[in-house]
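Read the structure below first, then the notes.
The values are calculated or read from the model by the stated rules, or taken from the named source; none is laboratory data. Everything numeric here is computed off the predicted structure, so don't read it as measured data. Glycine also receives a Cβ, built like all others from the backbone with ideal geometry; neighbour counts cover every protein chain displayed. Surface accessibility is based on the protein's heavy atoms, side chains included, excluding ligands, DNA and RNA. Shrake-Rupley method; radii C 1.70, N 1.55, O 1.52, S 1.80 Å.
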Amino acid sequence: MSTLIDLRIAAVGDIHLGEDVRGQYRKKLEGIEDRADIFLLAGDLTRHGTLDEGKVVADELRGLTIPVVAVLGNHDYHSDLQYEIAAELRDAGVVVLDDDGAVVQCGEHKLGVVGGKGFGGGFAGKCASEFGEREIKNFVAHTRYIAEAWKVALKEIVADHRVVVSHYSPIKETLEGEPPEIYPFLGSYLLAEAVDTAGADLIVHGHAHKGSEKGMTPGGIRVRNVALPVLRRAYGIYCMGESEHF
Amino acid sequence: MEAPQYVAARVQQALAEDGRTHELGIRVDIRGDQLFLRGQVSGAEQRERLGQVAHEAAPELRVHNEIKVVDFSEPGEDEHLD
Ligand SMILES: [Fe+2]
Ligand SMILES: [Fe+2]
């Protein structure tokens, strides 16, 4: 067993904040610095993707003493202000990933975090393919582009541990509870395939409010759906030990 | 008369697309002249807005707003991945 201290990762998605709940989520974050070494946000931080909502989110996250890394979700894109929202968050000290990666020093651990919004398309055997109308090809190509970017970012990162943060799901196990008819809009196996190829220790995602917390990629990487309505708690905490010395 | 399935689909679309709500996970069922809303939201205001938007989308139906407001708790137990 490792004698070194575990790396503790706090994660949540789909907090969907707005002006009417300003200050409420921040209260739930009290003490997070003692419980976790890093805080990951898996998108859908706003309801309609307005700049005002983005500012509420930024204010709730401002000034935490542990690193905060976020990706945006489909709701945060709704008003076409995703870059402005990301800028507000960065201004509040949040690292916002957009299909790229960052290495964050968490105590004595170097954690590589890679990710972005992700996208849909469905799961092996029951998915859209790049065929037919331009609209369908564009849909699938968007997911492929994202998966490729994550794979490259994961391969480039040098760290003790690697975690992927996505909004959309890479697997269908964590969608259980959602109607199967909408799975293709909730995630894509291409995301899991990319991460399995490059390697990571954990994937966290949101988006599927009625899904299930726990699952695993075909390659055996742990997946956690951290959508707030799934967790029913302010955030989940996932611990991992030292990767090499046992 | 419009089939209830199409009315339900139209209401669901309204809940998702209306600027006041943008709520995607609400179930809409219609039985006769009664409309049922089910699902979970994080605040009472959002629940009321959903009821209002549903009413406007199908004013001829009586809306039963059975949406649950769920508060979330403090973080629970840590999970050790090993
Ligand atoms: Fe969401
Ligand atoms: Fe979402």
Next item on the list: Please enumerate the residues belonging to the range A:151-182 that are open to solvent by 10 Å² or more (accessible area, probe 1.4 Å) and within 14 Å of ligand 2 (Cβ to nearest atom).
Entry: A:TYR168, A:GLU178, A:ILE182
Next item on the list: Considering only the range A:183-211, state which residues are away from ligand 2 (no atom under 16 Å from the Cβ), away from chain B (no Cβ under 14 Å) and not hydrophobic (A, V, I, L, M, F, W, C).
Entry: A:TYR189, A:GLU193, A:ASP196, A:THR197, A:GLY199
Next item on the list: At least 2 residues that are within 16 Å of ligand 1 (Cβ to nearest atom) and not charged (D, E, K, R) in each: list the strands (runs of 3 or more DSSP E) lying fully within the range A:134-246 that qualify.
Entry: A:161-166, A:202-205
Item checked: Members of the range A:28-65 found to be within 10 Å of chain B (Cβ to nearest Cβ) and without any contact (Cβ under 8 Å) to a residue 60 or more places away in the chain, listed by number -> A:GLU30, A:GLY31, A:THR46, A:ARG47, A:HIS48, A:GLY49, A:THR50
Next item on the list: Give the residues of the range A:183-207 that are touching a Pro at 6+ places or on another chain (Cβ under 9 Å) and open to solvent by less than 20 Å² (accessible area, probe 1.4 Å), sorted by residue number.
Entry: A:GLY187, A:SER188, A:LEU190, A:LEU191, A:ALA192, A:ALA194, A:VAL195, A:ILE203, A:HIS205
Check: Counting just the residues of the range B:59-76 that are facing chain A (nearest Cβ under 10 Å) and not polar (S, T, N, Q), which one comes out nearest to A:LYS210 (Cα to Cα)?
Finding: B:VAL70
Next item on the list: May I ask you to say which residue of A:GLY54, A:GLY18, A:GLY73 is under 17 Å from A:PHE119 (Cα atoms) and within 16 Å of ligand 2 (Cβ to nearest atom)?
Entry: A:GLY73
Note to self: Within the range A:1-114, considering only strands (runs of 3 or more DSSP E) that don't extend past its boundaries, which have at least 3 residues that are among the β-branched types (Val, Ile, Thr)?
What the structure shows: A:68-71
Margin query: Looking only at the range B:6-58, how many residues end up being open to solvent by 80 Å² or more (accessible area, probe 1.4 Å), closer than 21 Å to A:LYS210 by Cβ and assigned to a helix (DSSP H, G or I)?
Written below: 2
Note to self: So, in the range A:59-73, exactly how many residues are crowded, with 20+ Cβ neighbours inside 10 Å and out of contact with any strand residue (DSSP E or B) (no Cβ under 9 Å at 6 or more places or on another chain)?
What the structure shows: 0
